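**Q** Right, I'll just put the structure down here and ask away after.
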Amino acid sequence: MEKNYEIRHTLNELLVGLFNYILYIEERNLKDKGVDLSMNEVHIIENIEKGSDNSMSHLAGRMMVTQGTLTTNVAKLIKKGYVEKYRDEKDKRVFRLVLTEKAKPILSIHEDFHHNLIDKAIGDLGLDENIVLNQTLEGILAYFREEYRNKANI
């Protein structure tokens, strides 16, 4: 029983530590490169670029925030010149988002950071170890995704 507790405690420390370190280091990386955006704003830009539906409601759901929270943050990005908002042609109640040219270098910096992060994370692992790591992380993500759905009543 004692060994199981130690493993669980260590895993908790690892997950929380990884999360906090990644956010801090990525934010410092952005600031060092002269980016005047918060991590939250960068993630909004990333989600606009990667999303299959660029409506405000879809993006809020994808990012797990309220539409009010998203609206506040998008307004800041519009003011800074990274995003434009427009009404849907077919349904005037729907607002859609599009990135400006100013957002593209931000995406590049963000993508480079994540590319380097993954290179460091798996650099010393063999193929079999990478497969096990991926499967393990996919299982953890599936658990969190299900917990989120249950808590958010989705």
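The values are calculated or read from the model by the stated rules, or taken from the named source; none is laboratory data. None of the values given here were measured: they were computed from a predicted structure. Cβ sites come from the backbone with ideal geometry, for glycine too, and all protein chains shown count toward neighbours.
**Q** Could you list all residues from region 83-126 that are touching a residue at least 40 places away in the same chain (Cβ under 8 Å) and over 20 Å from the mean Cα position of the chain (by Cα)?
**A** The answer is Phe95, and nothing else.
**Q** Does Ala75 meet the test of being farther than 26 Å from Tyr21 by Cβ and in a helix (DSSP H, G or I)?
**A** yes
**Q** Let me ask something additional. For region 26-61, give me each residue that is under 15 Å from Ile109 (Cα atoms) and of a type in the set (Gly, Ala, Ser).
**A** Of everything in region 26-61, those that are under 15 Å from Ile109 (Cα atoms) and of a type in the set (Gly, Ala, Ser) turn out to be Gly34, Ser38.
**Q** I want to confirm something. Restricting to region 1-33 and keeping residues that are of a type in the set (D, E, K, R) and touching a residue at least 40 places away in the same chain (Cβ under 8 Å), which single residue is surrounded by the fewest Cβ atoms within 10 Å (Cβ to Cβ)?
**A** Selected residue: Lys33.
**Q** Residues of region 74-130 being under 26 Å from Glu27 (Cβ atoms) and β-branched (Val, Ile, Thr), which ones?
**A** Val74, Ile78, Val83, Val98, Thr100, Ile106, Ile109, Ile118, Ile122, listed by residue number.
**Q** Still on this model: Looking only at region 107-131, how many residues end up being at pLDDT below 90, surrounded by 11 or more Cβ atoms within 10 Å (Cβ to Cβ) and part of a helix (DSSP H, G or I)?
**A** Number of matching residues: 6.
**Q** Assess whether Val98 counts as being among the hydrophobic types (A, V, I, L, M, F, W, C) and not in a helix (DSSP H, G or I).
**A** yes
**Q** Here is a further query. For region 92-100, state whether one or more residues are under 23 Å from Asp53 (Cβ atoms) and loosely packed, with under 10 Cβ neighbours inside 10 Å.
**A** yes
**Q** How many residues are of a type in the set (D, E, K, R) and loosely packed, with under 14 Cβ neighbours inside 10 Å if we restrict to region 34-71?
**A** Looking only at that region, the number is 3.
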